[in-house]
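Where a number appears in this text, it was derived from the coordinates with a stated rule and is not lab data. Since the model is a prediction, treat every value here as computed from it, not as a measurement. Quick reminder, even Gly has a Cβ in these numbers, built from the backbone with ideal geometry, and neighbours come from all protein chains shown.
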Amino acid sequence: MLILAGIAIIVVAVAGYRLLFAPFRAKDSQEAMETAEEDWEGAPPLDVQLLTVNEYSRPGIAMEKINGIVIHYTANPGSSAQANRNYFEGLKDEHTTKASSHFVIGMEGEIIQCIPSGEIAYASNDRNNDTLSIECCHPDESGKFTDATYRSLVDLTAWLCGRFEIPADQVIRHYDVTGKVCPKYFVEHEEAWQQFKEEVAAVVREGKEG
Ligand SMILES: [Zn+2]
């Protein structure tokens, strides 16, 4: 009798434990999955290398609403997308500054995603809390992007506009936020910036029609 009662107690305890704690564990892993695997259907190829959550480059703060996209250049001629991503990751150990970007586009047109679109990055000062950021590599001091970088930038920006219902006129330069000369070529060549915005708008329209 005592043995049976003992077994019954154990069964009840195990079932109770499962009922109490299993739902929480399931929810945690579900959330982690949602963060890593976003709905990127139709997006240009993305190399997802999310940063470790840390206060210097990925604070893990939820973005309430995405109102715009901010374009940047690395200001580091010849550096690769991978090197820039690794620099952001390294800030968790170096503690020298706070910086990051949702996306980095390399000179071959490769796109590395560093921060989930549902979280803020440290890229655009007062607009960190409501914009996505795209950092672009460039071969020289002029800040002009390679054709491959430019193509990926148009495609990614247009895709994000469609995905998050961002109007094309809410695609802005870092310069438009703070007056900083970033992205340099698009600040010094206003006509190239307008051309870029027109191309983005055209791809967005194509996406809607197609
Ligand atoms: Zn910038």
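Values computed for the structure shown
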item	result
Residue list for the range 42-63, given a label point 7 angstrom along the Cα-to-Cβ vector of residue 148 and an amide N cut-off under 17 Å	44-48
154, 104, 53, 204 arranged by Cβ crowding within 10 Å, fewest neighbours leading	53, 154, 204, 104
Three-way shape label, the range 54-208, alpha-carbon gyration tensor, a/c 1.5	oblate
Mean Cβ neighbour count within 10 Å, used as a protection proxy, ranking 155-166, 41-52 highest first	155-166, 41-52
Reachable lysines from residue 98, criterion Cα separation under 20 angstrom, eight or more residues apart if same chain	180
Sorted by Cβ density within 10 Å, fewest first, the residues 61, 105, 66, 115	61, 66, 115, 105
Mean-position separation - Cα centroids, the range 88-135 and the range 179-199, in angstrom	20 Å
Modelled FRET efficiency - R0 25 Å, residue 195 with residue 140, Cβ distances, 0.05 increments	0.80
Square roots of five times the Cα gyration tensor eigenvalues for the range 104-196, Å	19, 16, 14
Net charge, residue 143 excluded, C-beta distance under 9 Å - Lys, Arg +1, Asp, Glu -1	-1
All aspartates and glutamates inside 13 Å of residue 65 as judged from Cα atoms, apart from same-chain residues fewer than 8 positions distant	119, 130, 165
Debye log10 I(q)/I(0) at q = 0.19, 0.26 Å⁻¹ for the range 81-142, Cα point scatterers	-0.72, -1.14
Those residues of the range 107-121 whose amide nitrogen sits under 14 Å from the label point placed on residue 180, 7 Å along Cα→Cβ	121
Proximal aspartates and glutamates relative to residue 184, as straight alpha-carbon distance under 18 Å, when same-chain residues fewer than 8 apart are discounted	135, 140, 141, 147, 176
